[in-house]
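**Q** Just passing along the structure, written as C-alpha cells.
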C-alpha cells in the first residue's frame, strides 16, 4: 500500500514538472515572438507610420536623413502604388510651405512616380546615402530667418558599376522651430567605378 502511494506522489510530481516546463516554454516562446515582431517592423512600415506631430526631426541632419530614407525606398520601387501615395503625403510633411505652394500634392506624386519609373527603366538602384557631420552644415540668418545647407553623398548602382553623386539641400526654420526643406539640387558631377 505504501509503495502505491509513493508512485502516485512521483507521478503527480512528474506531471507538475512537465506542466511547469510547458508553461515556461510557452511564455518564452511568446516573448521571443513579440521581440521578433518588433525587430521585423520593416522600414516601409516605419516610414508610412511615422508620426510627424509628436516626433518631427529635431535637427537639419535628422530632417534630411528622414527625407533620404523615403527617397531610397521610393526610388528602389519598394512601395506599392498605394504606399507611394501615402509616402508622398509623408514626404510633404518635411517641406517648407513655400515649396509646397509651388508643388501641389498631385504634381509631386507624378514627379515621384516618374523618378521611380526612370530608376526602374534604367536598372538603377539607390544603394546608400551619407550625411556629413553636424559641424559641416552651413547655417546663416537672413532678415531674422534661419537657413541651413547640407550636402548629402549618394551612391547609385547601375548594372555592375556604381556612381557617386551628391545632393545639396536648403532648409529653413519655420515659426515652430522645425527645419523644413526649401529645395534640393543634384550635383551633376558623378564618379563612376566598377563593382568588385
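The values are calculated or read from the model by the stated rules, or taken from the named source; none is laboratory data. Just so we're clear, the structure is a prediction, and the values are computed from it rather than from any experiment. All Cβ positions, even for glycine, are placed from backbone atoms using ideal geometry, and neighbour counts span all protein chains on display.
**Q** Can you tell me which of 133, 78, 82, 105 is under 14 Å from the mean Cα position of the chain (by Cα) and either without any contact (Cβ under 8 Å) to a residue 40 or more places away in the chain or under 15 Å from residue 46 (Cβ atoms) (or both)?
**A** Of the residues listed, the single one that is under 14 Å from the mean Cα position of the chain (by Cα) and either without any contact (Cβ under 8 Å) to a residue 40 or more places away in the chain or under 15 Å from residue 46 (Cβ atoms) (or both) is 78.
**Q** Just a yes or no: is a residue in segment 50-59 closer than 23 Å to residue 157 by Cβ, in the same structural domain as residue 178 (by TED's automatic domain parsing), crowded, with 18+ Cβ neighbours inside 10 Å and modelled with pLDDT of 95 or more? Steps first, answer last, please.
**A** First, pick out the residues of segment 50-59 that are closer than 23 Å to residue 157 by Cβ: none.
Looking through segment 50-59, none of the residues is closer than 23 Å to residue 157 by Cβ, in the same structural domain as residue 178 (by TED's automatic domain parsing), crowded, with 18+ Cβ neighbours inside 10 Å and modelled with pLDDT of 95 or more.
**Q** Scan segment 25-40 and tell me whether some residue there is at pLDDT below 95, under 15 Å from the mean Cα position of the chain (by Cα) and within 30 Å of residue 132 (Cβ to Cβ).
**A** Yes, segment 25-40 contains at least one residue that is at pLDDT below 95, under 15 Å from the mean Cα position of the chain (by Cα) and within 30 Å of residue 132 (Cβ to Cβ).
**Q** Quick check on my filter: what residues within segment 146-168 are loosely packed, with under 11 Cβ neighbours inside 10 Å and part of a strand (DSSP E or B)?
**A** none
**Q** In this structure, is residue 11 outside any helix (DSSP H, G or I), loosely packed, with under 14 Cβ neighbours inside 10 Å and modelled with pLDDT under 95? Working first, answer last.
**A** Values: outside any helix (DSSP H, G or I): no; loosely packed, with under 14 Cβ neighbours inside 10 Å: yes; modelled with pLDDT under 95: yes.
So residue 11 fails the test.
**Q** Taking residue 100, is it under 19 Å from residue 167 (Cα atoms) and surrounded by 12 or more Cβ atoms within 10 Å (Cβ to Cβ)?
**A** It is false that residue 100 is under 19 Å from residue 167 (Cα atoms) and surrounded by 12 or more Cβ atoms within 10 Å (Cβ to Cβ).
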